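Peer 1: Encoded as structure tokens, here's the structure I'll be asking about.
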Number of protein chains: 2
Amino acid sequence: MCPEAMSTATKLAIENLWEEVRELSLGSTTYQIDHLTSPPTPLQFLRDYISPNKPCLISNSVNHWPALSRWSSTHYLKKTLSSSTVSVHLTPNGRADSLTPHRDNSSSLVFASAHVEKMPFPVALEMVSQSDTCSGKGSNCVAYLQEQNDCFRNEYFDLSQDCDDHIPWASEALGCLPEAVNLWIGNEFSVTSFHKDHYENLYAVISGEKHFVLLPPTDVHRMYIREYPSAQYHYSRDTGDFKLELKEPKRYVPWCSVDPYPSFEEKGRDMSRFPLYYKGPKPFEVTVKAGQVLYLPSMWFHHVSQRPDSRGLTVAVNYWYDMRFDIKYAYFNFLQSIKYSSRSDSPSHQQETLEQQEDDLDVISSVQNGAALEQLNDGEEEQFINRLPHPCDI
Amino acid sequence: MCPEAMSTATKLAIENLWEEVRELSLGSTTYQIDHLTSPPTPLQFLRDYISPNKPCLISNSVNHWPALSRWSSTHYLKKTLSSSTVSVHLTPNGRADSLTPHRDNSSSLVFASAHVEKMPFPVALEMVSQSDTCSGKGSNCVAYLQEQNDCFRNEYFDLSQDCDDHIPWASEALGCLPEAVNLWIGNEFSVTSFHKDHYENLYAVISGEKHFVLLPPTDVHRMYIREYPSAQYHYSRDTGDFKLELKEPKRYVPWCSVDPYPSFEEKGRDMSRFPLYYKGPKPFEVTVKAGQVLYLPSMWFHHVSQRPDSRGLTVAVNYWYDMRFDIKYAYFNFLQSIKYSSRSDSPSHQQETLEQQEDDLDVISSVQNGAALEQLNDGEEEQFINRLPHPCDI
């Protein structure tokens with residue numbers, strides 16, 4: 001078999017995988033996920049969703065949480081957390097942990113982390129409410145209360161009695177308690193770019209709603225994961241300005257290149273740069289409303305946007321459970337290590353920055369060291385490298 | 001990247017997968033499987049074994065079955081089944097559904113099915129007892145009572161009250177009852193060659209013991225699955241001779257080429273023909289004794305040999321449960337469709353029959369039709385083609 005034909009066969013095999021996982025398991029006629037109107041039994045949840053790595057939306061599972069009524073009062077939140085200091089993520093545009101043009105070279109993208117500051121909760125919440133990306137109107141600063149380090153049981157401890165400590169049917173199914181529980185308070189300006197987490201995720205919306213765009217791990221090549229230089233916003237209270245600085249020493253973060261909601265101007269360029277995203281099956285989409293829980297399986301790529309409640313806030317709590325690093329994970333690493341040669345797909349773009357970055361990075365070479373290229377959990381880019389699979393005990 | 005380097009990277013990725021699934025999940029320091037000394041709960045079984053596609057041996061799970069004591073009496077078996085007609089599989093060497101040289105061309109292997117005859121159970125059991133492969137001693141005919149079509153609930157119905165209808169913790173975990181329950185009565189002459197089944201398998205030994213050599217589905221390239229012409233033994237009672245005839249019209253069965261127990265003469269040749277089998281990780285091995293149950297996960301390659309009880313019989317019952325055709329199955333099909341180019345590994349063997357067969361068969365081409373090459377369940381080679389994944393309901 002000639003090398004060209006082999007390459008074509010591998011491409012077809014990868015594209016066939018995208019279709020087959022949908023036909024067999026996820027559903028190929030709709031882009032919606034299963035919606036359960038009552039919580040599943042642990043066995044059902046394990047058999048029908050965790051084991052096949054399949055997302056679902058669950059209603060009527062957290063109706064008893066006091067948070068659902070109490071947290072609609074901003075006064076209650078401020079009073080309960082009056083003496084708490086919390087971490088606020090600040091960006092000029094609501095896009096923390098996302099790809100942004102670097103000021104020195106607008107055609108070169110960097111992975112931009114938020115400016116993080118600790119402040120009293122009442123002040124922090126005020127900053128979220130005053131967030132605005134339109135500098136004409138004033139602040140040009142978007143605040144997002146989130147810290148994916150188990151913050152709900154630490155910084156927000158005084159609120160934690162308003163939700164269950166864990167999701168009982170999920171804990172029983174997974175055989176362990178959550179590794180981390182995180183609180184998210186933001187508004188429509190904050191968007192989380194495509195990424196995946198090495199956790200089983202139970203995501204409960206308390207107020208407002210969250211919209212998820214989802215792709216299964218089989219579709220990894222469609223995300224165009226590339227390494228980007230790591231940068232961080234620095235915010236000056238005096239000037240109200242952000243500066244985006246490359247981290248020193250220079251280091252790279254592997255991140256998804258695709259934005260599912262490009263601007264009108266970007267879309268044409270993106271369609272030719274990311275043909276696998278645009279020509280493959282449509283992503284799954286789900287809107288999680290207040291009182292609903294999303295099961296977001298480990299290793300699924302997800303992009304999250306939000307719509308606020310009448311106060312202008314979106315509030316959610318998510319439970320991260322340890323995933324099992326089993327045959328599915330080994331298969332994923334194998335798939336990811338197979339290079340889908342995009343060069344021959346879009347020869348006209350060989351000169352683009354993205355393609356040049358591909359030249360610099362030999363994705364396959366990492367396999368030769370026995371370690372597949374890892375994409376990192378958001379907010380965990382430094383720690384994750386050292387995270388080893390570990391057993392999950394209740 | 002040059003085509004040669006790409007091919008090397010793919011090979012390394014496949015070899016890395018073999019190692020990684022062992023390091024993460026199956027165990028890499030021992031070639032034994034988990035041994036549970038009591039039956040697992042349905043949740044444990046689903047979480048720790050079915051979901052990660054990991055085998056285990058379970059003791060003290062079927063101690064209450066009357067079969068364990070009753071079936072040690074040959075008199076009881078003959079009396080209970082005195083009026084039953086059963087299917088007997090006859091071969092000259094105990095190797096049904098296995099690769100055998102064809103009489104017209106000893107260097108060309110065919111897939112040989114047994115001669116199957118129906119006869120009264122007492123006569124059939126007598127044939128098993130008199131089985132012998134040494135023609136000098138007499139019969140040169142090995143009989144094996146087995147028919148993988150739910151025979152325990154049909155031909156052997158009168159024995160079926162001696163075992164449970166199903167394995168309760170497995171049925172609850174899988175959410176369904178067995179699709180088929182099969183009885184196996186044979187002796188040390190009968191060997192089942194490497195193959196895989198599209199079922200979750202609970203395999204209970206009643207008398208004697210069975211020895212399994214196991215490879216996970218990730219190791220599919222190490223099995224050298226090739227298509228072989230289908231042939232069938234025809235036995236003449238008059239002459240006591242077997243004739244092996246190619247089936248008409250000619251058709252091919254994909255089957256594993258590797259024999260884990262080659263003769264001394266064959267071993268050197270096999271090591272150079274099947275380098276991936278010999279250079280990869282050692283297979284898992286387990287001996288299942290009377291009263292024990294093996295969980296043999298779907299899609300695992302298994303080779304089975306047996307040691308008889310004091311009467312000269314090995315008796316077992318296995319429960320086939322529908323497997324879920326989910327992301328693991330899609331990943332498997334993807335993996336199998338990636339051609340591991342063995343040509344460059346062993347250029348000196350390009351002229352061998354096996355390699356010539358590879359030239360004839362473009363394994364990759366089947367992917368282009370959206371259908372990965374399937375290996376068949378034993379005894380199901382004709383039916384399986386039409387077996388579609390279907391939901392599993394209790």
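The values are calculated or read from the model by the stated rules, or taken from the named source; none is laboratory data. Just so it is clear, the model here is predicted, and its values are computed rather than measured. Because the Cβ atoms are built from the backbone with ideal geometry, glycine has one as well, and the counts that use them run over all protein chains shown.
Peer 1: Would you point out the residue of segment A:65-79, among those that are part of a loop (DSSP other than H, G, I, E, B) and touching a residue at least 40 places away in the same chain (Cβ under 8 Å), that is farthest from residue A:212 (Cα to Cα)?
Peer 2: Of everything passing the filter in segment A:65-79, A:66 is farthest from residue A:212 (Cα to Cα).
Peer 1: Consider residue A:82 against the criteria (1) without any contact (Cβ under 8 Å) to a residue 24 or more places away in the chain; (2) not in a helix (DSSP H, G or I): it satisfies all of them except one. Which criterion is unmet?
Peer 2: It fails just one condition, (1).
Peer 1: Given segment B:171-267, what strands (runs of 3 or more DSSP E) lie entirely inside it while holding 1 or more residues that are closer than 18 Å to residue B:55 by Cβ and in contact with a Cys (Cβ under 7 Å, 6 or more places away or on another chain)?
Peer 2: Counting at least 1 such residues, we get B:192-195.
Peer 1: Could you tell me which residue of segment B:303-314 is nearest to residue B:214 (Cα to Cα), considering only residues that are touching a residue at least 12 places away in the same chain (Cβ under 8 Å) and out of contact with any helix residue (DSSP H, G or I) (no Cβ under 8 Å at 6 or more places or on another chain)?
Peer 2: My answer is B:303.
Peer 1: Next up: Can you name the residue in segment B:307-340 that is assigned to a loop (DSSP other than H, G, I, E, B) and within 21 Å of residue B:172 (Cα to Cα) and is also farthest from the other protein chains (Cβ to nearest Cβ) among such residues?
Peer 2: B:323
Peer 1: Is it the case, given these coordinates, that residue A:19 is more than 24 Å from residue A:199 (Cα to Cα), among the acidic types (Asp, Glu), surrounded by fewer than 16 Cβ atoms within 10 Å (Cβ to Cβ) and within 14 Å of chain B (Cβ to nearest Cβ)?
Peer 2: Taking the combined requirement at face value, the residue satisfies it.
Peer 1: Of all residues in segment B:239-274 being in contact with a helix residue (DSSP H, G or I) (Cβ under 7 Å, 6 or more places away or on another chain) and of a type in the set (Gly, Ala, Ser), which is nearest to residue B:104 (Cα to Cα)?
Peer 2: My answer is B:257.
Peer 1: Something else now. Take the conditions modelled with pLDDT of 95 or more and within 14 Å of chain A (Cβ to nearest Cβ) and apply them to residue B:197. Does it pass?
Peer 2: It is false that residue B:197 is modelled with pLDDT of 95 or more and within 14 Å of chain A (Cβ to nearest Cβ).
Peer 1: Okay, moving on. From the residues in segment B:39-56 that are assigned to a loop (DSSP other than H, G, I, E, B) and farther than 17 Å from residue A:176 by Cβ, which one is nearest to the other protein chains (Cβ to nearest Cβ)?
Peer 2: Ranking the candidates gives B:53 first.
Peer 1: Determine which member of the set B:277, B:295 is part of a strand (DSSP E or B) and touching a helix residue (DSSP H, G or I) at 6+ places or on another chain (Cβ under 9 Å).
Peer 2: Among B:277, B:295, only B:295 is part of a strand (DSSP E or B) and touching a helix residue (DSSP H, G or I) at 6+ places or on another chain (Cβ under 9 Å).
Peer 1: Pick from A:283, A:297, A:262: which is under 21 Å from the mean Cα position of the chain (by Cα), surrounded by 19 or more Cβ atoms within 10 Å (Cβ to Cβ) and away from chain B (no Cβ under 14 Å)?
Peer 2: It is A:283.
Peer 1: Based on what the data block shows, is residue A:10 within 7 Å of chain B (Cβ to nearest Cβ), among the polar types (S, T, N, Q) and in contact (Cβ under 8 Å) with a residue 24 or more places away in the chain?
Peer 2: Yes; evaluated as a whole, the condition is true for this residue.
Peer 1: Inspect segment A:163-173 for any residue being crowded, with 22+ Cβ neighbours inside 10 Å, hydroxyl-bearing (Ser, Thr, Tyr) and within 14 Å of chain B (Cβ to nearest Cβ) and give the result as yes or no.
Peer 2: No, there is no match, as no residue in segment A:163-173 is crowded, with 22+ Cβ neighbours inside 10 Å, hydroxyl-bearing (Ser, Thr, Tyr) and within 14 Å of chain B (Cβ to nearest Cβ).
Peer 1: Still on this model: Out of B:88, B:62, report the one residue that is under 20 Å from residue B:182 (Cβ atoms), outside any strand (DSSP E or B) and within 25 Å of the chain's Cα centre (by Cα).
Peer 2: It is B:62.
Peer 1: Let me ask something additional. Just checking, does segment A:206-229 include any residue being at pLDDT 95 or above, of a type outside the set (Phe, Trp, Tyr) and farther than 28 Å from residue A:285 by Cα?
Peer 2: Yes - at least one qualifying residue is present in segment A:206-229.
Peer 1: Further question: Could you tell me how many of the residues in segment B:60-80 are touching a strand residue (DSSP E or B) at 6+ places or on another chain (Cβ under 7 Å) and not β-branched (Val, Ile, Thr)?
Peer 2: Final tally of qualifying residues: 5.
Peer 1: If residue A:61 satisfies every condition in (1) in contact (Cβ under 8 Å) with a residue 24 or more places away in the chain; (2) more than 16 Å from residue A:168 (Cβ to Cβ); (3) away from chain B (no Cβ under 14 Å); (4) of a type in the set (S, T, N, Q) but one, which is the exception?
Peer 2: Here residue A:61 clears every test but (2).
Peer 1: Turning to a different aspect of this structure: Scanning for something crowded, with 18+ Cβ neighbours inside 10 Å, within 7 Å of chain B (Cβ to nearest Cβ) and not in a loop (DSSP other than H, G, I, E, B), does segment A:27-38 turn up at least one residue?
Peer 2: No, there is no match, as no residue in segment A:27-38 is crowded, with 18+ Cβ neighbours inside 10 Å, within 7 Å of chain B (Cβ to nearest Cβ) and not in a loop (DSSP other than H, G, I, E, B).
Peer 1: Let me ask something additional. Could you tell me which numbered condition residue A:300 fails, if it satisfies all but one of (1) touching a Ser or Thr at 6+ places or on another chain (Cβ under 8 Å); (2) of a type outside the set (A, V, I, L, M); (3) under 24 Å from residue A:52 (Cα atoms)?
Peer 2: (1)
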